[in-house]
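Below is one structure; the comments refer to it alone.
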Amino acid sequence: MNILTIVLHHTATPGHGTGGSEWEAIQQACQAKRGGEYVCDYHWGVGPTGDLFPGQPESKPSWHCGVDAINNTSLGIACIGNFEENPMPSLQFDRLAQLVKSIKQKYPKAVIKLHREIVPTLCPGKLYPNQKLFDSLQPPIPKPSKVFHDILPNHIFYPAIIALVSRGIMNGDSEGTFRPDDPVTRGELAQVIWNIVRK
């Protein structure tokens, strides 16, 4: 499958114990509805205690989001519980973040979507920790190898500047400043592009 999207869901079930019995019931309902070798409407289930339950094989589409074109090119992850009513337990969140990171490593171009961003639905619930999840997927800001006197950590471009300087793509001047608001000359731009190309 050409994976373009990772779609996040909740099961809207109570989320008791490990979630194993709820996951089994979900699979049985999916199999009764779709028949054949179909396993589940989701590729993975993540239980409240961090247990990971396999669903539809990754190589096969699952009918999880209501749009066939997306179903055919996506992976569905359902966290077991009802996040319209309850917050996600920390063990469940940690396993979800770990799973999404591993999928993103395998399919780096895949975008992450909440089910409600695709079709009108409450799924995955108003208490689903999507912003916390998205934040956890961001690469850490590298520690600066140089400190510039004119850029503080709260500067809007601080993370980008430090990342580029740490990778040797840009640098400051001999006075220990970066001068982030100064205009860029064509020569300076050419040097930055050359630094990117040869990396």
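Taking every Cα-Cα distance in the range 140-199 and sorting them into 5 Å bins starting at zero, the pair-distance distribution P(r) comes out as 4, 18, 29, 27, 17, 5, 0 percent. Between VAL192 and LEU127, the C-beta separation translates, for a Förster distance of 35 Å, into a calculated FRET efficiency of about 0.20. In order along the range 108-114, the Karplus-derived 3J(HN,Hα) couplings, from 6.51 cos²θ - 1.76 cosθ + 1.60 at θ = phi - 60°, round to x, 8, 5, 9, 9, 10, 7 Hz, and Gly and Pro are given as x. In this label model, SER21 and ARG179 are separated by 7.0 nm, measuring between points 7 Å along each Cα→Cβ vector. Projected label points at VAL67 and THR13, each 7 Å from Cα along the beta carbon direction, are separated by 2.7 nanometres. Antiparallel beta bridges, as assigned by DSSP with both residues in the chain, represent about 20 percent of the total such bridges. Per-residue Cβ neighbour counts within 10 Å put MET1, MET170 in the sequence MET1, MET170, beginning with the fewest.
Need one number: the % of Cα-Cα pairs in the range 5-137 sitting beyond the 19 Å mark. Write out the running numbers ahead of the final one.
On the way: 3863 of 8778 pairs.
When all Cα pairs of the range 5-137 are counted, 44 percent exceed 19 Å.
Take the chain and mark each of the GluC sites (Glu not before Pro) that is in a DSSP loop with at most 11 other Cβ atoms within 10 Å; the longest unmarked stretch, sites excluded, is 38-174.
The distance linking the range 1-56 with the range 83-131 is 14 Å (Cα centroid to Cα centroid, whole angstrom).
Separation of the alpha carbons by more than 22 angstrom is noted, of LYS106/LYS126; LYS109/LYS132; LYS60/LYS132; LYS60/LYS113; LYS33/LYS113, for LYS106/LYS126; LYS60/LYS132; LYS33/LYS113. Mean-square fluctuations from a GNM of the chain, with a 10 angstrom spring cutoff on Cα atoms, peak among ALA32, ALA97, ALA110 at ALA32. Of the three principal axes defined by the Cα atoms of the range 99-199, the extents in descending order read 55, 29, 23 Å. Each of LEU75, LEU114 was scored by other Cβ atoms within 10 Å of its Cβ. Arranged with the fewest first, they read LEU114, LEU75. Considering only HIS149, HIS115, HIS64, the mean-square fluctuation computed in a Gaussian network model of the chain, springs between alpha carbons under 10 angstrom, is largest for HIS149. Neighbour counts of other Cβ atoms within 10 Å put ILE118, ILE193 in the fewest-to-most order ILE193, ILE118. When the chain is treated as a GNM with alpha-carbon contacts under 10 Å, the residue of VAL184, VAL100, VAL67 showing the greatest mean-square fluctuation is VAL184.
Each value in this text was obtained by applying a stated rule to the coordinates, not by laboratory testing. Computed from a predicted structure; not experimentally measured. Virtual Cβ from ideal backbone geometry, glycine too; neighbours counted across all protein chains shown.
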